[in-house]
Structure formats: C-alpha cells, structure tokens
Amino acid sequence: MTDATGSRYEPAVEAALGKLDLDAKTRLLAGQDMWTLPALPEIGLTSLVMSDGPIGVRGVRWTADDPSVALPSPTALAATWDPALARRAGRLLAQEARRKGVHVLLAPTVNLHRSPLGGRHFEAYSEDPYLTGAIGTGYVLGVQDGGVGTTVKHFVANDAETDRFTVNNKIDARPLRELYLAPFEAIVTNARPWGIMTAYNQVNGATMTEHHHLVNEVLRGEWGFDGFNVSDWMAARDTKRAIEGGLDVAMPGPRTVYGEALAAAVRAGEVDETAVDAAVRNVLRLAARVGALEGAGPVVTAYPAPLDGDALAREVARRSFVLVRNEGALPLAPGGTVALLGAAARDARVLGGGSAQVFPDHTVSPLDGLTAALPSGTLTYAIGAEPSDELAPARQGFELRAVCRDAGGTVIGAGSLPNGQVQWIGDDLPEGVTYEKLHSIEITGTFTPRESGEHAFGTRGLGAFTLTVAGRTLYDGVQEMGDEADPFEAFFGAPLERGKVALTEGVPVEVSLLHPLDQEHAAPLPGVMFSFVHLGPRRDPDELIAEAAEAARAADTAVVVVATTERVESEGFDRADLKLPGRQDDLVRAVAAANPNTVVVVNAGSPVEMPWRDDVAAVLLSWFPGQEGGAALADVLLGAEEPGGRLPTTWPATLADAPVTEVTPTDGELHYTEGLFTGYRAWDRAGTTPAYPFGHGLGYTTWEYEALELTPEGATVRVRNTGSRPGRETVQLYVAPVDDRVERPARWLAGFASVEAGPGESAEAEIPLPKRAFEIWDEATGAWTAIPGTYEIRASRSLTDTRLRATLTVEGTD
Ligand code: BGC
C-alpha cells in the first residue's frame, strides 16, 4: 500500500515545477501561517496542512474546541513492543487527520532516551535504537496506510531540552551511526516516510537545518530518502545555508528565511536556483502522495477499515502497562473492597505537555474506570497527597469564555474556553476578530467550587493583567519577562499567584482576567497566549496522608496512583530530578504500612525514583495512558486483561545511578562522552543493577522457554504457557559477542516477537536476525562492517532473564 519510491510521480512533479516562476517556488517553501503552505491554484495544488502529533491530531487550532483522540504516550506505545499495534495506532491517527483536513502529521519522535532527565523523554520511544526503529516503522506505515504523511523527528540528536535552540551536541561517528541515526535509518529504509523534521540543535558544529552532510549525503544520498524536509518550528535561521543544507520547508510563517528572502538570494546570485527546484520537487512529491496535487493520484485510494478510537486507546493502554513487581496482589481477588488513593486517581494525567498536547473530548480517570467496573459500595477514594502546590489553568468548576474588544471597548468577538488557557496561534482567532482590531481579551465567567476554603487565583504569561474574583481585584499590573525566561514563557513558564479568596462549596462566583495587548509583551509567534490559573484549598498534608492510610486499613486492597505533573515532564525544559513531586513518596509509605496489600500505579511518562518499591505488593507503570487510561487500568487490575508491557528503557533506582545525568551544555556544547554506552549498554559495562532492567515486565501467566533454533533467517523460539490463563509473551533476542575484538557493548537487542497461547499450549516466535546486528560503523573506512567471530544468541524474557542460548559464527565483511 505504501508508495516505495515516488518515481511514479516524477512526470507530474516535473510538469508542475515547469509552470512555476521563482516567486511561486520560493513561496511554496515557506509557511504561510503556523501550520500550512500556500495553495498554488495555477498548478492545481491545494494548501498542505500539518499538525502535531504524536498521540493525536491537534489540528490547526490549539484549543479544546476541536477535540482529537488521545492515545497513550510514545513511551507507552514502545512498551507494547508491538510494531503491528503501532501500525494500527498510525491508521487511527490518519483517520483523525483526514477528518480534520490534515495532510501531514508532525510525528513520530524517534530521538533516544539518552538520559532520564530529558524533558521530552515521554515523547520518545526507548533507549534502544532497534526498538525505537521498529516501533517508529510500524507507526509511519500505519499513518501512511491512511494516505497521510509523517515527519520523523527531530533529525537528529534532540535528546534533551536545555538550550535546545542552540546546543552543539558533540557526538563521535560510531555512536552517531549506531545509536542516534539508527532509528531514522531503519524507518527510512523500512517505511519510506514522506517527510522528516530537522531539529533545533547542532550536531558537531552545524545546525541541523543546515546540515549538508547528514541531510544531503547521509539521509538522501546513502539512505535514499525522497520525502520533504521541514524545519522544526522557528529553527531555520539562514536562507543560503538552509537551502544548501537540504532544508525544503521553513516553518512556521509568514516570517521565514524562505519566501521573498530566498527569491532575493537567487536573484542576487547567492543561491543557485537548482537548489530551490530540488526543494520544490520534494514538496510537490509530498503533495502528490497525499492527494493535494491535481492530476497526480494519491498513494492511497482505498482507506483501511475505520477504527474505533476509544477501543484502540484502551487496547494500547492495557498492552502498554508494565507490571514490574507483583507479590500475588494482582489481579485483584473478586469481591474485595478497594481504597483508591492519590490526586491523579481522580484528576488523571493522560498525556504529556508541550507541542504533544491534544484535547480529547473525554478522559477516563482511574476513579471513573474503577467506579464503573467494581460493584457499588466496594470502592472508597481519598486524595492522600497533592503532587503539586502550583496553580494550574482553571478547569474543574469553571465556565469560561474569552471576550475580545477593540480599542474603543466594543466587543468584536468571543470564543468558548474549556479551561483557563488562551492559546490562539496564527489566524486561530475567534470569528470576526483580527489582530489589527484586537485590543484586549477578557477571560470571564463563573466558578463553582467543589470544596469550601481559601482558593488561590493567578496569571501565567507576560504583559498587563487585571484579575477580579467575586468582586475583588486581586491584581492589576504588568508582568515582565524574568532574566532566564524562555520566549515561550506563556506556554511553559511558572504560574504566579495573585491572591486568595475564601469561597463556599457549590456557591458560584464571577471571575474575570482582563489582558490588554501591547507590542512589548507580544508572543514570539503571531498569537495570544496567557492563562487564568487556580489552586483549590490545600488541607494539611499530614492529615491527607493519615486519612488515606485510614481508608487503606479499612479495605482489602489499597491502590495508590502516583504521578508527575506538567511542570515536571514537558517540552521546553529538562527535569531537575526523578523524584515524585509533593508528598507522594510519604503517602505510599504510609499506605503500605497500613495495608500489606498495596498496589502502586505509576502515572508518569518517564522513570521516577520509587524508594518504597520493595515494600509494596505490586507496582504497575501506566505511563501517560491516553483518554481511556482509567478503563484500561480497571481491565488490568481486575484481571479482565493482563498487563502487556515490557520496559522500553531501564528504570534506575536513583538518578545518581543513571549512566547519563548531564544534559546542560558547557559553553554551548554538550559532549556525548559516554559514546556507545547509554541505557542498558552502560549499566552492563558499569556492572550496576537498576531498579528494573530493560525488557522487564510481568503478565498474569507463566512461561517456559522450550527450544531455540537458529535458522538462516534468524531464530525460532518455542515457548509454553505453563500457567492457568491465556497470555501473551514478548520473546526478546539479545546478541552477545563471545570473543570480542573491538570495543562493543556486552549485549544488545537484535530482535523480538510476541506470541499468544492458552494454558498448557505452546507457540513459536519467528524472529529475524538482521545483518546489522553483527556490524559496527567503522570510523576508518566510513562504512558498516561485520565483526567476525562467535556470538551467543540469547532468547530472553528481559535483558537479564535469559532462558535459552545458542551460538552463531559470523564471517567478516570482505
Ligand atoms: C517541537 C516540534 C513540534 C513543533 C510544532 C516544536 O517546538 O519541537 O516537535 O512539531 O514545535 O508544534
């Protein structure tokens, strides 16, 4: 189904190119706004529309007015170890994209989990390049099956967020090839993606939007990539260097280094027009593939069967949950009582922050899911601990709208607001409103508290604000940018408290946040971004913990949901530590002391420290589980389904144990001094033991590995379900050189496959062993070369749980 070469489009592409003059060509290479390229009616080209990605399709509006399905986070998708499931997820996303008129999904993110401190760790798949490439391949194939393009991102080495616009990542050739480029290479080879996004950062001295070697020579030359190359948003800086470095499209617009600036550079003789033509060809080929170029039939003419978003979100979630510890507590015995504890059990965190944010039309929290699944009267709930004491965009109990006025105070338009965030980007303004006329925005409406007490209110964003609650003016002033602030402060910055008001449960009050616009505090992109933030009354933390412990003592089982917050894991900054925020560790300890049957559910996109992990009966990682997360959690806790996930990344016991803990550049440079030794490759070399190893995860049945047979293509592994219920097993193949002649990790993942079997039944996993598993990048010759010798092939349940071994002799490259 997926178009392999694009060559069938060359006649249509050449014909269209031949009709365009220089101005039209350069216009096509520049965003006309935040998300689209201009239409060129003279050649029958409609406007190409792009959208984030990766767990849904946000569309061209950054608001909840235009909802999208929200699947589990990328770490969760990788934890399924199932490229076929990733492909189905991709098909669902293509269906969402078509519904919203989107041609290109800005996903998947296939940077590596180099350090657990990476702020966008939740948005990438794994520490292992092979697993990342396999999941990314499934995802891209699925989206493209549905006739929608992808941009595999961020090419390359955008593995942390600190100084991401400028950092120069210094990486030796071997780790660059064997780790960071490897997933991109696998996806380009196996899924032929129609697009790629080049990263903000530099690699070895050249910024990625201008990287002639990695883009023109490696990606296009060696790997044969024939898609389009779009800059990350605002990453293109220099007209000549970008076009010569193989960047096709500069986003967003209308102010870019392409368009008029590119036409002028050609006219001045600074840039050769053939470079412009090459970029235009790539965009026209994309347009042809997605059906936006008249006369060139799209790649996909018959779409895959429609998918049910709720059902697939629930399936991916339960297949992604990783049961890392189970001392017989799960599945829960039927008929017992359950105390559900934790703020995230009620206000679930289903997705990560930043550009990966989408707005689902509903979410199922753990409390919703368990309430629906358990007999009435058997479930109690207590907050236990608040993960954050920061104000957050007003949500529960608020009914808000945004009112727009001109300079004379006349209302020129209004929009509904699902929460206290105004994020109007580009032309995404309420109907009838233009930037020329818009003078002020007021977030206004009512707030009906769900608890009595002191409620705090505040602002996030820059510029002038007047905040009024129940007739009292809490703030009237101007917020300036701090010294270290990011230009995206309004997105990622700290919310500021402006005052408290005592309110009564169930009694509505009027609220208003007025924000007059001015040039000095304008957003870095054309748009309006600010938030009305709120925090409900905080009770004494010790009292909350005592109340939760009491509830736990009274129930047969305690289920504690602990979580990170948007201020811990998000785009735009890295993490400072791996601790659970607030008093959540104390909560788990108190609950475990009150009830030996304590199950902890960890709602986080990346590793967190779990100092209590050996003192509880079970630990289940639920990642950011998407809109149906709570329903999937009920399925798994009650045993209707088994948890299917395996760790895509090693979970350290403490940050200090993690192999890479430095993500802050020095003098603008970040040296990847660990070379090949990241993730489990580093743990093996150091000989230290993490909390849970790569590939680890328990189901609800037991497996015996009966036979491992090497075949010319790979390996066949026979496993038997020795438990009493049906199950699914992820069989992992690791390769370990016996007599090593070059510096290499002690072992690495070379293949995997999942099988299902009923009680007592056996099943065979066929796992190909790619040639690349026995090769290294030879820095001297600049080529892949097989390392001859004897290798042990290990059929394993996880990196450290090997069940069967065989040996294989490999010949060298001639
Ligand atoms: C992110 C990209 C994203 C783009 C558009 C950038 O800040 O790095 O991943 O696709 O914004 O939202």
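The values are calculated or read from the model by the stated rules, or taken from the named source; none is laboratory data. What you see is a predicted model; the values in this text were computed from it and never measured. Here Cβ is always computed from backbone atoms with ideal geometry, including for glycine, and neighbour counts include all displayed protein chains.
A few notes on this one:
- The requirement of being within 16 Å of the ligand (Cβ to nearest atom) and in contact with an Asp or Glu (Cβ under 7 Å, 6 or more places away or on another chain) is fulfilled somewhere in the range 563-572, by at least one residue.
- Of all the residues in the range 198-219, those that are part of a strand (DSSP E or B) and more than 18 Å from Arg174 (Cβ to Cβ) number 4.
- A single member of Ile793, Ile776 is part of a strand (DSSP E or B) and in contact with a helix residue (DSSP H, G or I) (Cβ under 7 Å, 6 or more places away or on another chain), and it is Ile776.
- Candidate set: the range 32-87, residues that are charged (D, E, K, R) and in a helix (DSSP H, G or I); chosen: the one farthest from the ligand (Cβ to nearest atom): Glu42
- Annotation: of all residues in the range 146-181 being part of a loop (DSSP other than H, G, I, E, B) and of a type in the set (D, E, K, R), the one that is farthest from the chain's Cα centre (by Cα) is Asp172.
- Lone qualifier among Asp667, Asp657 - being under 30 Å from Asn158 (Cα atoms), free of Cβ contacts under 8 Å to residues at least 12 places away in the same chain and not assigned by TED's automatic domain parsing to the domain that holds Ala554: Asp667
- Test set (1) surrounded by fewer than 18 Cβ atoms within 10 Å (Cβ to Cβ); (2) small (Gly, Ala, Ser); (3) modelled with pLDDT of 95 or more - Gly445 fails condition number: (1)
- Residues that are within 16 Å of the ligand (Cβ to nearest atom) and either over 20 Å from Val148 (Cα atoms) or surrounded by fewer than 19 Cβ atoms within 10 Å (Cβ to Cβ) (or both), drawn from the range 1-31: Ala30
- Members of the range 183-234 that are farther than 18 Å from Leu48 by Cα, among the aromatic types (Phe, Trp, Tyr) and under 20 Å from the mean Cα position of the chain (by Cα): Phe184, Tyr200
- Against the criterion of being in contact with a Lys or Arg (Cβ under 6 Å, 6 or more places away or on another chain) and within 16 Å of the ligand (Cβ to nearest atom), Asp159 qualifies.
- Filter result (out of contact with any helix residue (DSSP H, G or I) (no Cβ under 7 Å at 6 or more places or on another chain) and either within 16 Å of the ligand (Cβ to nearest atom) or assigned to a helix (DSSP H, G or I) (or both)) within the range 220-233: Arg220, Gly221, Glu222, Val230, Asp232, Trp233
- The set of residues from the range 743-788 being of a type in the set (Lys, Arg) and over 17 Å from Ala134 (Cβ atoms) comprises Arg744, Arg747.
- Put simply, of Val266, Val350, Val358 the only residue that is in contact with a helix residue (DSSP H, G or I) (Cβ under 6 Å, 6 or more places away or on another chain), part of a loop (DSSP other than H, G, I, E, B) and touching a residue at least 12 places away in the same chain (Cβ under 8 Å) is Val350.
- Restricting attention to the range 760-773 and to residues that are of a type in the set (A, V, I, L, M, F, W, C) and in a strand (DSSP E or B), the residue that is nearest to Arg741 (Cα to Cα) turns out to be Ile767.
- Counted residues, the range 415-458 - those being among the polar types (S, T, N, Q) and either in the same structural domain as Trp62 (by TED's automatic domain parsing) or under 27 Å from the mean Cα position of the chain (by Cα) (or both): 3
- Flag for Val742 being among the β-branched types (Val, Ile, Thr), modelled with pLDDT of 95 or more and not assigned by TED's automatic domain parsing to the domain that holds Leu179: no
- Odd one out for Asp238, checked against (1) out of contact with any Asp or Glu (no Cβ under 7 Å at 6 or more places or on another chain); (2) farther than 24 Å from Glu674 by Cβ; (3) away from the ligand (no atom under 16 Å from the Cβ): (1)
- Within the range 23-39, the set of residues being touching a residue at least 24 places away in the same chain (Cβ under 8 Å) and farther than 11 Å from His103 by Cβ comprises Asp23, Lys25, Thr26, Arg27, Leu28, Leu29, Ala30, Gly31, Gln32, Asp33, Met34.
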